Amino acid sequence: MASGKGSRKSGFTLTEILISMIILGLIMGAVLGLFFAIVMHFEQSNDITTAQQRGEMVLTALGPKILAAGVGMPATASFDQFSTLSSPSSWDSAVMVSGDTELTVIYAVPAEAVVSGETSLTSSDVSISLTGTMPIAAELKKQPAVAAGWVVFPATGVALMVNDDTPQVSPLVLTPQGTGIVYDHDRLHLVRAARCSVDGANWFVMTDLKPEVTRHVVEGIADIRFDKSTDGKSLTIWVLARGSTRHDNEITGSTLPDWPDEFEPIGPENRHYRLKVVQRTWGLRNR
């Protein structure tokens, strides 16, 4: 008769089970901690990326205007030729900074029309023959108090006031504000002006001047600062952009390494956001 001792099965003791549960709990805790760390890092990275993109969007919107500032306009520092274009009341240069938080730019936008034949400018009206597509009446009209009433030619450096009731047809009748020559094959440029700043709702806004039309361009901009060098040769812009998530507690200090000390400290509300400073410098013409 076989003995029953060989058929006995051994199991886990209570101590072994408890130790296994503790080890499993430690492993699960470590996994969950790593998971939450990854999620938080992703959220932070996404927020910083959003702020970076917003700052870059502001500079992208400003770039073409700054690069075109002063194109075809008087080479001297005096912009009195545009005195009739009364916003602002006095143009002293193509790029003007007010209180380091507001930028005003007078710039030129190329049209599709090209000069046909050379014309000398005197104090009297001139007719400029053009080939190609003429601007529509809304873009070019006989109204010296608005930007649409002015044109320039890059090689001439003289402001010309539209003095034609039907400017969408060539030749174009213009009143020169100085002397010079309009050269064959030069391109017609339309004069435009804009004022740029950040409003109280943290939008970067551009106001087209005369007539004034304000456009909300980029949201989530905490601050913007403009600095025109003392010699007028360059313009530096700092954009303080914020992420899309507002946190209950302040997560940013009153200063940032890339935000110059001479600027006002970061306000309490903006400290609830992750912030990014985007900065760029442009060279200026006709300063």
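All of the numbers you see were taken from the coordinates with simple rules; none came from a lab. Everything quoted here is computed from the prediction, not taken from an experiment. Reconstructed Cβ throughout: ideal geometry from the backbone, glycine too, with neighbour counts over all protein chains shown.
Just a few scattered comments:
- Calculated FRET value between Lys142 and Val114, using beta carbons and R₀ = 30 Å, to 0.05: 0.85
- Going from the residue with the fewest nearby Cβ atoms within 10 Å to the one with the most, Tyr273, Tyr183 rank Tyr183, Tyr273.
- Greater than 20 Å apart at Cα, pairs in Lys65/Lys210; Lys228/Lys276; Lys65/Lys276; Lys210/Lys233: Lys228/Lys276; Lys65/Lys276; Lys210/Lys233
- Charging the Cβ of each Asp and Glu at -1 and of each Lys and Arg at +1, and nothing else, the dipole of the stretch 80-193 about its Cα centre rounds to 160 debye.
- Segment His272..Tyr183, full-extension length gain: 26.3 nm, with 0.36 nm per residue of separation and the alpha-carbon distance subtracted.
- Once the C-beta distance of Thr133 and Asn249 is scaled by a Förster radius of 45 Å, the resulting FRET efficiency is 0.20 to the nearest 0.05.
- Amide proton proximity set for Leu172, modelled H, under 5 Å, gap of 5+: Ile128, Ser129, Leu130
- Gain upon complete extension [Val213, Thr122; 0.36 nm per residue less C-alpha separation]: 29.3 nm
- Computed helical MRE - 222 nm, the chain, DSSP H runs ≥ 4 contributing -39500 (n - 2.57), nearest 500: -7000 deg cm²/dmol
- Each residue of the stretch 240-252 was assigned a 3J(HN,Hα) from its phi angle through the Karplus curve 6.51 cos²θ - 1.76 cosθ + 1.60 (θ = phi - 60°); the sequence is 9, 9, 10, x, 8, 9, 9, 9, 5, 9, 5, 10, 10 Hz, with glycine and proline shown as x.
- Note on the chain: the alpha carbon radius of gyration divided by the globular reference 2.2 N^0.38 Å gives 1.68.
- Contour excess over end-to-end distance, with Cα ends at Asp80 and Thr49 and 0.36 nm allotted per residue: 6.8 nm
- The 3J(HN,Hα) values that the Karplus relation (6.51, -1.76, 1.60; θ = phi - 60°) gives for the stretch 224-231 are, in residue order, 8, 9, 10, 9, 8, 4, 4, 8 Hz. Gly and Pro appear as x.
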